[in-house]
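Structure first, then comments.
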């Protein structure tokens, strides 16, 4: 049964710069967002740079524990570490050479006495881990990630028991001209899959088994794999199930059939511009021929097919001709591939964060 009484939210929520500014504070400063994996922080001096909303942040391993803090010098505000840096013995600001340890504490600055350094440190950021994946939250009083994403770790580890041991094998990125909410709504419904993502629905998953379940801050997708004869890549590993675990607002850990572990991270750059970071986690630093085939298949079909769709939707959010239409909702709460239950769920989370009904 389908209920079409629920309608999409007004287009201004996707195009209004003032709404976007409110989201940076009301959503991106208070939620858990994935930035990487513990394998990238295995040794003292390893670090991850990332962007959370409008903030540049760092995650470091000082040899004793993992730290998260802002990527901003406490002297004159220069960025401490350049994007893409993965290892440093200490943190040296390139502007005036203020020096910090890997926990963000100032240890040296010209013209400042050593006994005056102790009170200066880079403000902390909340850091937590889920099945090996590292998440940050700018809110130091935020609930633990396990409470924010209850049950997700166990379900993911059922599909990929070695998730914590994986390492970054490949990364692909693309910036597209659409609001970040259009991207996550598109990702969390497969109503469009049969007519758009035919490689995915005929060669990866069995669409008749596809179920999408939104709950709290999470949306879980599950499906069975197609038969080995129909698969577009060779299924390695024991699990032939598909699972996707989206965590509000912009993170998803996905396991393709055959324990092919991969992630989506969406970074909002502007009200009309979003960066997609697509990463693949195997047990090698470089993909094998077979792994590269899976990566290419996904990027050149399913992922690429969505870019044009999202940009078209964004262009028309400001059209005088657009009237928010009915959404395909299954009142049972567990929707198959022909429904859009996650879309109003995500829209409700956005409106609630903005303080709107």
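If you take the residues in region 241-270 that are over 17 Å from residue 35 (Cα atoms) and surrounded by fewer than 19 Cβ atoms within 10 Å (Cβ to Cβ), which one is modelled with the highest pLDDT?
So, considering only residues that are over 17 Å from residue 35 (Cα atoms) and surrounded by fewer than 19 Cβ atoms within 10 Å (Cβ to Cβ), the one modelled with the highest pLDDT is 270.
Determine which member of the set 296, 272 is within 24 Å of the chain's Cα centre (by Cα), assigned by TED's automatic domain parsing to the domain that holds residue 200 and without any contact (Cβ under 8 Å) to a residue 40 or more places away in the chain. I'd like the intermediate steps shown before the answer.
Values: 272 fails: without any contact (Cβ under 8 Å) to a residue 40 or more places away in the chain.
Matching residue, one of 296, 272: 296.
In region 188-217, what residues are closer than 21 Å to residue 265 by Cβ and in contact with a helix residue (DSSP H, G or I) (Cβ under 6 Å, 6 or more places away or on another chain)?
188, 189, 197, 200, 212, 214, 217 - these are the residues of region 188-217 that are closer than 21 Å to residue 265 by Cβ and in contact with a helix residue (DSSP H, G or I) (Cβ under 6 Å, 6 or more places away or on another chain).
Can you list the strands (runs of 3 or more DSSP E) found entirely within region 89-194 that contain at least 3 residues being within 17 Å of the chain's Cα centre (by Cα)?
Hits in region 89-194: 126-130, 133-137, 167-176.
Condition first: assigned to a helix (DSSP H, G or I) and either surrounded by 19 or more Cβ atoms within 10 Å (Cβ to Cβ) or in the same structural domain as residue 22 (by TED's automatic domain parsing) (or both). Can you find one or more residues in region 330-342 that meet it? Don't jump to the end; show me each part of the working.
Taking region 330-342 first, the residues assigned to a helix (DSSP H, G or I) are 342.
Among the residues that remain, those that are also either surrounded by 19 or more Cβ atoms within 10 Å (Cβ to Cβ) or in the same structural domain as residue 22 (by TED's automatic domain parsing) (or both) are: 342.
There is at least one residue in region 330-342 that is assigned to a helix (DSSP H, G or I) and either surrounded by 19 or more Cβ atoms within 10 Å (Cβ to Cβ) or in the same structural domain as residue 22 (by TED's automatic domain parsing) (or both).
When you look at residue 284, is it surrounded by 13 or more Cβ atoms within 10 Å (Cβ to Cβ), in contact with a helix residue (DSSP H, G or I) (Cβ under 9 Å, 6 or more places away or on another chain) and not assigned by TED's automatic domain parsing to the domain that holds residue 51, yes or no?
On the way: surrounded by 13 or more Cβ atoms within 10 Å (Cβ to Cβ): no; in contact with a helix residue (DSSP H, G or I) (Cβ under 9 Å, 6 or more places away or on another chain): yes; not assigned by TED's automatic domain parsing to the domain that holds residue 51: yes.
No: the conditions fail for residue 284.
Would you pick out the residues in region 29-70 that are more than 21 Å from residue 267 (Cα to Cα), touching a residue at least 60 places away in the same chain (Cβ under 8 Å) and in a strand (DSSP E or B)?
Step one: list which residues in region 29-70 are more than 21 Å from residue 267 (Cα to Cα), which gives 39, 41-46, 61-67.
Among the residues that remain, those that are also touching a residue at least 60 places away in the same chain (Cβ under 8 Å) are: 39, 41, 66-67.
Matches in region 29-70: 66, 67.
Given the options 161, 194, name the one that is without any contact (Cβ under 8 Å) to a residue 24 or more places away in the chain and assigned by TED's automatic domain parsing to the domain that holds residue 308.
161
Being over 16 Å from the mean Cα position of the chain (by Cα) and more than 19 Å from residue 274 (Cβ to Cβ) is the filter here; which residues of region 23-58 pass it?
Within region 23-58, 39, 40, 41, 42, 43, 44, 45, 46, 47, 58 meet the criteria.
Go through (1) surrounded by 15 or more Cβ atoms within 10 Å (Cβ to Cβ); (2) more than 21 Å from residue 217 (Cβ to Cβ) one by one and return the number of the condition residue 33 breaks.
Result: residue 33 fails condition (2) only.
The values are calculated or read from the model by the stated rules, or taken from the named source; none is laboratory data. Fair warning: this is a prediction, and the values are worked out from it, not measured in the lab. Reconstructed Cβ throughout: ideal geometry from the backbone, glycine too, with neighbour counts over all protein chains shown.
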